[in-house]
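Notes follow the structure.
The values are calculated or read from the model by the stated rules, or taken from the named source; none is laboratory data. Keep in mind that this is a model prediction, so the values were computed, not measured. Counting neighbours? That spans all protein chains shown, and the Cβs are built from the backbone with ideal geometry, glycine included.
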Amino acid sequence: MADALALLHDRDDAKVLAGGQSLVPLLNFRLARPGLLIDLNGVTGLDDISEVADPGAPELSFGALVRLADAERSPLVSRRSPLLISALRQVGHRTIRNRGTIGGSLAHADPAAELPLVLMTTGGRVRVRSLAGERWIGAPQLFVSYLTTDLRSDEILVEARFPVATGPGWAFEEVSRRAGDFALAAACVTLTLVDGAVSECAIGVAGGGPVPIRATTAEAGLVGQRAGETAFAAAAAQAADACEVEADIHASAEYRRGLIVTLVARALAAATARATG
Ligand SMILES: Cc1cc2nc3c(=O)[nH]c(=O)nc-3n(C[C@H](O)[C@H](O)[C@H](O)COP(=O)(O)OP(=O)(O)OC[C@H]3O[C@@H](n4cnc5c(N)ncnc54)[C@H](O)[C@@H]3O)c2cc1C
């Protein structure tokens, strides 16, 4: 780690390589042309998965080099965050998850990626290190724009913390054109019900702009409402309004907005079904 940090500090043209599942395609297409690649795979101590109670609220901790497939197969993650397992299973194909890492997925910050969306929805954070020391970055500050994070060029992401969901209501819904493709849009929801009404909820959307978003207006509007189709439709429309939906080669803005409305409503219904057993 010390060598990697020193190289990154000394060389402006260096990039770190983790699972290579995003960086190597960029190199192949000559979209990235770093002068130096620093392979993190030889760095020890970055592949642990554990549960920590810090500060008081339980979190799952992942070393940056934990492979997506290892997180997906972890009994601890299955037990403590089935939401994360559901999201992980929708990342690319198994071969990609065998090499791709938790840290790489978050540092790459694709706007349609599953893990940034879960980090944003659940209020997670990452720990980054440079020669100058360490700092924590919360999800809202981490994702700055399309493929752009708050990490400085001399910093390495060393750990990600995902809060353990408090209630039984959760859902992760996405649509992609083919199995294994990046999602056109995705919705992530956690909610708690008291006597059939929503007492707490978090609604996140990916694919609706350059970064994953928390639909806070939709969340606030839903709290206190009776869980059901009418309330979910209103929240889904508000969530779509919070997005900066754009057209690209995969979908028109109109289609993508419609998809977000459908996915948020579907996720709210699925989370409610789980919460009510
Ligand atoms: C066909 C295909 C389909 C895919 N589908 C999906 C999908 O549906 N959903 C999804 O989320 N992803 C998808 N991916 C991407 C995959 O999940 C990548 O593994 C992930 O985005 C990057 O992780 P990595 O470890 O491979 O990082 P790398 O490719 O090694 O690195 C990616 C970027 O992050 C930086 N980086 C990596 N690790 C660190 C670190 N610890 N600190 C600082 N910077 C770091 C690198 O410098 C680079 O800029 C797909 C990839 C392919 C090829």
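State yes or no: is Asp150 surrounded by fewer than 17 Cβ atoms within 10 Å (Cβ to Cβ) and either modelled with pLDDT of 95 or more or in the same structural domain as Ala57 (by TED's automatic domain parsing) (or both)? Yes.
Have a look at Gly124, Gly167, Gly100, Gly104 and point out the one that is modelled with pLDDT of 95 or more, away from the ligand (no atom under 11 Å from the Cβ), touching a helix residue (DSSP H, G or I) at 6+ places or on another chain (Cβ under 9 Å) and not aliphatic (A, V, I, L, M).
Gly124
Which of the residues that make up region 207-230 are under 30 Å from Asp248 (Cα atoms) and surrounded by 14 or more Cβ atoms within 10 Å (Cβ to Cβ)? Within region 207-230, Gly207, Gly208, Gly209, Pro210, Val211, Pro212, Ile213, Arg214, Ala215, Thr217, Ala218, Glu219 meet the criteria. Any residue that is at pLDDT 95 or above, part of a helix (DSSP H, G or I) and touching a Phe, Trp or Tyr at 6+ places or on another chain (Cβ under 6 Å) - is there at least one of those in region 257-266? Yes, some residue in region 257-266 is at pLDDT 95 or above, part of a helix (DSSP H, G or I) and touching a Phe, Trp or Tyr at 6+ places or on another chain (Cβ under 6 Å).
Matching residues to (1) over 16 Å from Val118 (Cβ atoms); (2) among the charged types (D, E, K, R); (3) surrounded by fewer than 17 Cβ atoms within 10 Å (Cβ to Cβ):
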residue	(1), (2), (3)
Met1	yes, no, yes
Leu7	yes, no, yes
Asp10	yes, yes, yes
Ala18	yes, no, no
Gly42	yes, no, yes
Leu68	no, no, no
Ser78	no, no, yes
Leu88	no, no, no
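Within region 44-62, being surrounded by fewer than 20 Cβ atoms within 10 Å (Cβ to Cβ) and within 16 Å of the ligand (Cβ to nearest atom) holds for Thr44, Gly45, Asp47, Asp48, Ile49, Ser61.
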